[in-house]
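Quick one: structure below, then a few questions.
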Amino acid sequence: MIFYFLAVTLILSAILVVTLKNIFHCALFLIVAILAIAGLYFHLQAPFLGVVQLIIYIGAIMVLILFAIMLTSRISDRLLQTASRQSIPALLAVIVFILLALKSLDKTPLPAHIGKNFDPILDLGRALMTAYVLPFEVVSLLLLVALVGAIALARKD
Amino acid sequence: MIIGLIILLLKIAAVLVFISLTVLFLVYAERKVSAHFQVRYGPMRVGWHGGLQMIADTIKLLLKEDITPKDVDKLVFFIAPILCFVSAYLAYLTLPFSPQIVVKNLNIGLLYILGVTSLTVLSLMMAGWASNNKYALLGGFRSVAQIISYEIPLVLSVLPVVMMAGSLNLITIVEAQKSLPFILVQPLGFLLYLTAAAAEANRAPFDIPEAEQELVAGYNVEYSGIKFSMFFLAEYVNMFTICALAAILFLGGWQGPILPPVIWFLIKVYLLVFVLMWVRWTFPRLRIDQLMSFCWKILLPLALANFLISGLWLVLK
Amino acid sequence: MLDFIIYLVIGIIFVVGSFAAAYFFSPHHPTDKKLATYECGEDPIKGSWIQYNVRYYLLGLAFVIFDVEAIFLLPCVLVMKSLGLIAFIELAIFIFILVLGLAYAWRKGALEWI
């Protein structure tokens, strides 16, 4: 019941994001879509992921997108072009994505096995600090590159 | 099932009543405190020492015309105050007043509060944009820029506490301070938290977003009547939330001798609220460039250093 | 989850209910002047949905990066007590790399406003 409500909200708002003519409203429906995804995480009993979705995507990335919208000139009088001529590459990308998703779904043993003393956050922290320490450090490097790149791009003017 | 539902509903009603009363009290206290700092009396006419002033003001706000200007984006203009209040109110789902007095004790309580309060940013942006007013948009932008900047030192100053308590559950964090409150081992962390939190709540000296003299009132300039009061309400609710979090994270929450836990908790929170008011009426406002460089060049490095030092101290102990 | 939904819905009802109450009690006499955008008595020139400073965008980017960092640190600090010195060193490396980024931004003047 909750799942279907969230799923329908997600799909409807995602459709509105790409079809609405007012770019600010598009961004707002993107927020609704992200909220629905956060709701799905909570529903799947992954509260940590849900809250991270709120903090990172709503609190940070959406703010960035809204700032970016205000950066484009004269947003109010120009209507968005919602049709695109690149439908074939888009279709290809979608097919590739669906194949990847099916593949990873196929590889996941379902239903997932949960240990007795399972604590999502503690286990995540332990995994990041032991088995996945190299990817963890690489993330930091990636963030550094993103920061440097952003500054380099903006400083050109 | 039914009994559980009734208890839940009663708890929610209690939260709403508490929020409303607290805001009334905080606004009254702010007016009185500011008056006495400036050697004035403040409200004196309605009730004993103006004690009923806030009730009169509430009635007045309810009876005022709610104007929706014709150039605004109607839907967003309507949603923004709702979102603003709801994001402040959501934090009280897991904010404990004592081990028993809490609507629902979440394991990720601290993170949850940080998450839902970050929705405030969006409501400010929506309000500023929907108003189609230059002051409102600039004020909204400045608010958002300030809040997101100070969010980083805020989170970083909380990390050592999480590290020592080994939990994000607010009740567990308080229990971990049984022998000594974290403020004694984290004095710098506490100062950083309080400074960043004051900025998060747009309190002076960090109130550039609503600087009356230059931006009229910031993001809520086009709002009137009940919609304006929702923003106002949310602002004071947020102020109580950050002080309550400070009390829980650093001052040992409801722990204290003799008096019942709730009383201890409220004493600590209101003491912090008084400190914030004291700061507001003592320091002049910072300029926006000073505000930003203070955050990125002083608070952020200090918070990182504090985090590393307390981490080292913890693992070597 | 259900508790949360009930809590959220009641909060929204509270706000919308007070809007409704105020709508019921308050007067409605709209005039042209009253509905105009407020600009201290001047007639506003054009709308306000125009291009803004790139500064805000840069700030947003820096915020995203440091926010992600803080969120990554969170599950790690929870287990630091039990894992000991090795975990601290890993975290210190993580932070050191980001401090490099901060220093770069500082040096390049990206932290200056205007």
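The values are calculated or read from the model by the stated rules, or taken from the named source; none is laboratory data. Quantities reported herein were computed from a predicted structural model and do not represent experimental measurements. Note: ideal-geometry Cβ built from the backbone for every residue, glycine included; neighbour counts use all protein chains shown.
Could you count how many residues in the stretch B:131-177 are more than 10 Å from chain C (Cβ to nearest Cβ) and modelled with pLDDT under 85?
Counting residues in the stretch B:131-177 that are more than 10 Å from chain C (Cβ to nearest Cβ) and modelled with pLDDT under 85 gives 3.
Does the stretch B:260-274 include one or more residues that are away from every other protein chain (no Cβ under 14 Å) and either under 27 Å from C:Tyr38 (Cα atoms) or in contact with a Lys or Arg (Cβ under 8 Å, 6 or more places away or on another chain) (or both)?
Taking every residue of the stretch B:260-274 in turn, none turns out to be away from every other protein chain (no Cβ under 14 Å) and either under 27 Å from C:Tyr38 (Cα atoms) or in contact with a Lys or Arg (Cβ under 8 Å, 6 or more places away or on another chain) (or both).
Let me ask something else about it. Please pick out the residue among B:Ser229, B:Ser293, B:Ser310 that is within 19 Å of the chain's Cα centre (by Cα) and either part of a helix (DSSP H, G or I) or in the same structural domain as B:Leu16 (by TED's automatic domain parsing) (or both).
Answer to the check: B:Ser229.
What do you reckon, is B:Ile226 crowded, with 20+ Cβ neighbours inside 10 Å, on the phi < 0 side of the Ramachandran plot and within 14 Å of another protein chain (Cβ to nearest Cβ)?
yes
Now a separate question. Taking C:Lys46 as the residue in question, decide whether it is at positive phi, exposed (fewer than 15 other Cβ atoms within 10 Å of the Cβ) and either more than 7 Å from every other protein chain (Cβ to nearest Cβ) or at pLDDT 85 or above (or both).
Yes: the conditions hold for C:Lys46.
Next up: Which residues, counting only those in the stretch A:21-47, are touching a helix residue (DSSP H, G or I) at 6+ places or on another chain (Cβ under 7 Å) and in contact (Cβ under 8 Å) with a residue 60 or more places away in the chain?
Hit for the stretch A:21-47 is A:Ala46, nothing else.
Residues in the stretch B:232-239: is at least one of a type in the set (Phe, Trp, Tyr) and crowded, with 24+ Cβ neighbours inside 10 Å?
Checked the stretch B:232-239: no residue is of a type in the set (Phe, Trp, Tyr) and crowded, with 24+ Cβ neighbours inside 10 Å.
Another question about this same structure. Output the qualifying pairs, or none if there are none: Cβ atoms under 7 angstrom, residues six or more apart or on different chains, first residue in the stretch B:40-62 and among the aromatic types (Phe, Trp, Tyr), second residue modelled with pLDDT of 85 or more.
Correct list of pairs: B:Tyr41/B:Ala35.
To continue, here is another question. Can you tell me which residue within the stretch C:73-114, out of those that are in a helix (DSSP H, G or I) and charged (D, E, K, R), is surrounded by the most Cβ atoms within 10 Å (Cβ to Cβ)?
Applying the filter and picking the extreme gives C:Glu90.
If B:Val279 satisfies all but one of (1) more than 17 Å from B:Ala197 (Cα to Cα); (2) away from chain C (no Cβ under 14 Å), what's the number of the condition it fails?
With (1) more than 17 Å from B:Ala197 (Cα to Cα); (2) away from chain C (no Cβ under 14 Å) applied to B:Val279, the lone miss is (1).
Here's the yes/no breakdown for (1) assigned to a loop (DSSP other than H, G, I, E, B); (2) under 20 Å from C:Ser26 (Cβ atoms); (3) in the same structural domain as B:Leu276 (by TED's automatic domain parsing):
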site	(1), (2), (3)
B:Ile7	no, no, no
B:Ile12	no, no, no
B:Ser34	no, no, no
B:Val39	yes, no, no
B:Pro43	yes, no, no
B:Val46	yes, no, no
B:His49	no, no, no
B:Phe85	no, yes, yes
